[in-house]
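In what follows, a single structure is set out as structure tokens and then discussed.
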Number of protein chains: 2
Amino acid sequence: MIEKVKFELTEKDIPHTWLNAAADIGGIAPILDAKTGLEVSREALGGTMPAALVEQELSLEPEFEIPDEVRQLYAQWRTTPLYRARRLEKALNTPARIYYKFEGTAPTGSFKPNTAIPQAYFHKKDGKTGLIAETGAGQWGSAIALAGALFDLTAKVFMVKVSFQQKPFRRTLMETYGATCVASPSTETEAGRLTLAEFPEHPGSLGVAKSEALQFAKAHPEFGYTRGSALNHVCAHQSVIGQEAIKQMALADDYPDVVVGAAGGGSNLAGLAFPFLRQQKQGGQRVRLVAVEPASCPTLTRGRIAYDYADSMGLTPLFRMHTLGHKFVPAPVHAGGLRAHNIAPLISRAVEDGLMEATSVRQNECFEAGVLFARSEGILPAPESTHAIRGAITEAVRCREEGKSEAILLGLSGHGDFDLVAYEKYFSGVLPNDALSDEDLDRGLASIPALTLA
Amino acid sequence: MIEKVKFELTEKDIPHTWLNAAADIGGIAPILDAKTGLEVSREALGGTMPAALVEQELSLEPEFEIPDEVRQLYAQWRTTPLYRARRLEKALNTPARIYYKFEGTAPTGSFKPNTAIPQAYFHKKDGKTGLIAETGAGQWGSAIALAGALFDLTAKVFMVKVSFQQKPFRRTLMETYGATCVASPSTETEAGRLTLAEFPEHPGSLGVAKSEALQFAKAHPEFGYTRGSALNHVCAHQSVIGQEAIKQMALADDYPDVVVGAAGGGSNLAGLAFPFLRQQKQGGQRVRLVAVEPASCPTLTRGRIAYDYADSMGLTPLFRMHTLGHKFVPAPVHAGGLRAHNIAPLISRAVEDGLMEATSVRQNECFEAGVLFARSEGILPAPESTHAIRGAITEAVRCREEGKSEAILLGLSGHGDFDLVAYEKYFSGVLPNDALSDEDLDRGLASIPALTLA
């Protein structure tokens, strides 16, 4: 007889609805037009968003039905496994029971296709023949490339030039799925051309790539613009993670005392944690929700709650959320998915209301945790995911010190197969390990628009 | 309602025994000592092999019990999924039902840990504190590194120098698991030192790396030497693949008319196909077994059945098998795992006896098939696996032309996340596409030792 390490569901258990956390925490503050300071209209949002997604974005309904066509494509990899980390528990000598929900079995190796697939579906339903996205190291871009292939839509991805040149693997993955990948800044858009005119050797940034993608979508209305994180509908799509985890914890005859996730744009954390918050609101057991972010990009722990842009160029409307200032430039840590000046308004609201805790960790202690995890559990975690592992280890060590046998659930958002350069640098001892300096924090916060002071 | 695309088992379905195909095909010819021409003794084999594996190697018993400790570690990723390739079927417009068994969900991305784990287990039971392996691009080395981490054994891997330098990712993966990776030829062994003395810039080869590993194991008896393919016990360990597939085909209410696998050393193909052969021998439905090999390394389709060494330096005993000659140097195709001059004696025997068919394919048609597969099914296949896909597509097209609705099962032996350089070269049109020339074939065959003529 062997001890159970995986708690397995079947295709029948793929959720039928997405949960909308806005219903649980009383919604978010209105989204404002930066020019007028007035609430953004449905029509304005609809300029770059299919009507169905606009509805989801603004809705206070508790759930949205998942179309069968989307569930059918989810079945290409869902449900994802939930593991009991028995070997990690032994390595830590902790009385805690540690579980992890692993999203790395998705075709592109992370949780991103959970929302890329439905966004492609709704854009196609709206008559679009193409998808457009910006991407940094390529997680979101490859999810959109996959979605394009599965829905027979042309996918075009503006990829930050330095990643395009130095990390060609995800670019080739996108091309294998049939997508076109463009190094940004490019000459294809005004934003790109202006940037290049000013600074021909510009290495690119997510802000510039996002501006290019938005301008391209505007000029090519047959392309639907897609969003990888932060917005309400994106968080809702990711709720498939937490819904499955609840069923799997029941198979384990257990329930988490703590749920720990990495916090970047916030959608992976939201997807894992908010379904547990709903359980609690409906009379279920109390569960602590813990967001773990990089000390170099401490949006929740040192940012300000304010209205700010979601992009660095100020093209989006204003959202009320934790922000380090939209001009904040995070250090180039390898957890590229966590380098965001802002976070999902839903996560921000949960932290503000005391429904979720936040903590920050240094880069090297995350990789240290990632290596321990690989040697214990066999799975190489993505740098983003090592933040959740580090947070869970901290909880497990506390349990040992306090002699408590708690259940800890962590979100393993993706595998690290494409991140081995980062691990190599960690072993070589050359990874920067700094927290954000007060000066850089103040410089970032100074870019929050004045509206926030009103 | 959605159509089923995955046929899912649980940990309870992890096989309890390994099937020994030697029992089904009447064993293989005796293994001979190259110096004496006499059958190799159990004691001689035991010099580098744990006693339990020697027994498995020579046994005609139909099955071997899988120790609970091995099943427990299998549970870190097994059972693996079996898919119905509905989207690929549509793309091919075929009446065939195509299924694939996917081994890429293993921690190192391929089927190799299926045997690395038990080999580590038996070496540890024999008192070894370390594992030793040679590796080309790194699939076997990373499986042994994983096994070392899971059994708390020191793992040391001699990696072909050109891969060590040009493909550092799998090396870093091995190091993340705690293994030591040495570029071969190295100065650590006599074989390495002699090679470097003769040719200081030697880029390394599997033959040299294998010699180094064997010499290192001899000089350090605390290290157990491990084998990635070809031998009977390795083929037996891989039978977990086919045993699961049989249960999963039953869940699909179907049974394969054809089973297709890529043929390199032969263990992945053996693991998938031979359990179906046993079903047939026990009165089950007739099933065609098809081996697909690279046209540049056509061991089964153009090689000779003869006694030959399993390594290029002539350090191993002699095995009767299909061989291109142990001095044959295959072209540097990207399906590195299929670049073997020889094949598992069990596979060779099955082909000789007409129990299995063999066919060869060109490199570019394999990548073409891999890209179609990625765009249809979402999964990026390893270059080795694209051979099985190509073979399955050929069968599916035949079904379309003949108007037959057959069931085709293909072995998807691993994912291609570490092989994107190869895909990039395919898209750039620079991949060599040659079949083996008659001259190179003759040159290889000339290295088959004279014993074969006796």
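Meeting the requirement of 1 or more residues that are touching a residue at least 60 places away in the same chain (Cβ under 8 Å) and in contact with a Cys (Cβ under 6 Å, 6 or more places away or on another chain), no strands (runs of 3 or more DSSP E) wholly within the range A:285-339 can be named. Go through the residues of the range B:382-395 one by one and say whether even a single one is over 19 Å from residue B:337 (Cβ atoms), touching a strand residue (DSSP E or B) at 6+ places or on another chain (Cβ under 7 Å), in contact (Cβ under 8 Å) with a residue 24 or more places away in the chain and away from chain A (no Cβ under 14 Å). Looking through the range B:382-395, at least one residue is over 19 Å from residue B:337 (Cβ atoms), touching a strand residue (DSSP E or B) at 6+ places or on another chain (Cβ under 7 Å), in contact (Cβ under 8 Å) with a residue 24 or more places away in the chain and away from chain A (no Cβ under 14 Å). Here the helices (runs of 4 or more DSSP H) wholly within the range A:110-176 that include at least 2 residues being farther than 22 Å from residue A:54 by Cβ are A:139-151, A:161-166, A:168-176. Restricted to the range B:152-168, and to residues there that are open to solvent by 20 Å² or more (accessible area, probe 1.4 Å) and modelled with pLDDT of 95 or more, the residue that is nearest to the other protein chains (Cβ to nearest Cβ) is B:152. Among the residues of the range B:37-56, not a single one is within 14 Å of chain A (Cβ to nearest Cβ) and surrounded by fewer than 19 Cβ atoms within 10 Å (Cβ to Cβ).
For the range B:340-355, taking the residues that are within 18 Å of the chain's Cα centre (by Cα) and either without any contact (Cβ under 8 Å) to a residue 12 or more places away in the chain or open to solvent by 10 Å² or more (accessible area, probe 1.4 Å) (or both), the one that is farthest from residue A:173 (Cα to Cα) is identified as B:349. Here the condition is being within 14 Å of another protein chain (Cβ to nearest Cβ) and under 21 Å from the mean Cα position of the chain (by Cα); of B:86, B:71, it holds for B:71 alone.
Of the listed requirements (1) open to solvent by 40 Å² or more (accessible area, probe 1.4 Å); (2) under 29 Å from residue B:416 (Cα atoms); (3) among the aromatic types (Phe, Trp, Tyr), residue B:177 misses just one: (1).
Restricting attention to the range B:90-103, does a residue exist that is at the interface with chain A (Cβ under 9 Å from one of its Cβ atoms), of a type outside the set (Phe, Trp, Tyr) and open to solvent by 20 Å² or more (accessible area, probe 1.4 Å)? No, because not a single residue in the range B:90-103 is at the interface with chain A (Cβ under 9 Å from one of its Cβ atoms), of a type outside the set (Phe, Trp, Tyr) and open to solvent by 20 Å² or more (accessible area, probe 1.4 Å).
If we scan the range B:191-200, do we find a residue that is in a loop (DSSP other than H, G, I, E, B) and away from chain A (no Cβ under 14 Å)?
Filtering the range B:191-200 down to residues in a loop (DSSP other than H, G, I, E, B) leaves B:199-200.
In the following step, the residues that additionally are away from chain A (no Cβ under 14 Å) were identified as B:199-200.
Yes.
Within the range A:217-271, being farther than 24 Å from residue A:136 by Cα, among the charged types (D, E, K, R) and open to solvent by 10 Å² or more (accessible area, probe 1.4 Å) holds for A:247, A:253, A:254, A:257. Residue check: residue B:213 meets all listed conditions (1) part of a helix (DSSP H, G or I); (2) under 30 Å from residue B:287 (Cβ atoms); (3) more than 18 Å from the chain's Cα centre (by Cα) but one, namely (2). Among the residues making up the range B:301-316, a single one is within 20 Å of residue B:46 (Cα to Cα), in contact with a strand residue (DSSP E or B) (Cβ under 8 Å, 6 or more places away or on another chain) and surrounded by fewer than 19 Cβ atoms within 10 Å (Cβ to Cβ): B:315.
Search the range B:169-186 for residues that are touching a residue at least 40 places away in the same chain (Cβ under 8 Å) and within 11 Å of chain A (Cβ to nearest Cβ) and pair each with any residue that is surrounded by fewer than 23 Cβ atoms within 10 Å (Cβ to Cβ) and outside any loop (DSSP other than H, G, I, E, B) when their beta-carbon atoms are under 7 Å apart and the residues are at least 6 apart or on different chains. Sorted first by the residue in the range B:169-186, then by its partner, the pairs are B:169/A:420; B:173/A:420.
Just a yes or no: is a residue in the range A:14-36 within 30 Å of residue A:83 (Cα to Cα), aliphatic (A, V, I, L, M), within 14 Å of another protein chain (Cβ to nearest Cβ) and not in a loop (DSSP other than H, G, I, E, B)? No, that holds for no residue.
Identify, from the list B:106, B:149, the residue that is open to solvent by 10 Å² or more (accessible area, probe 1.4 Å) and either within 13 Å of chain A (Cβ to nearest Cβ) or touching a residue at least 40 places away in the same chain (Cβ under 8 Å) (or both).
Values: B:106 fails: open to solvent by 10 Å² or more (accessible area, probe 1.4 Å).
One residue alone meets the criteria, B:149.
Of the helices (runs of 4 or more DSSP H) lying entirely inside the range B:361-454, those carrying at least 1 residues that are open to solvent by 10 Å² or more (accessible area, probe 1.4 Å) and aromatic (Phe, Trp, Tyr) are B:420-428. Scanning the range A:72-85 finds one or more residues that are in a helix (DSSP H, G or I), open to solvent by 20 Å² or more (accessible area, probe 1.4 Å), farther than 22 Å from residue A:231 by Cα and not basic (Lys, Arg).
The values are calculated or read from the model by the stated rules, or taken from the named source; none is laboratory data. Only a predicted model underlies this, so the values are computations on that prediction, with no experimental measurement involved. Note: ideal-geometry Cβ built from the backbone for every residue, glycine included; neighbour counts use all protein chains shown. When the accessible area is computed, the model is the full protein with side chains, heavy atoms only, and any ligands, DNA or RNA have been set aside. Shrake-Rupley method; radii C 1.70, N 1.55, O 1.52, S 1.80 Å.
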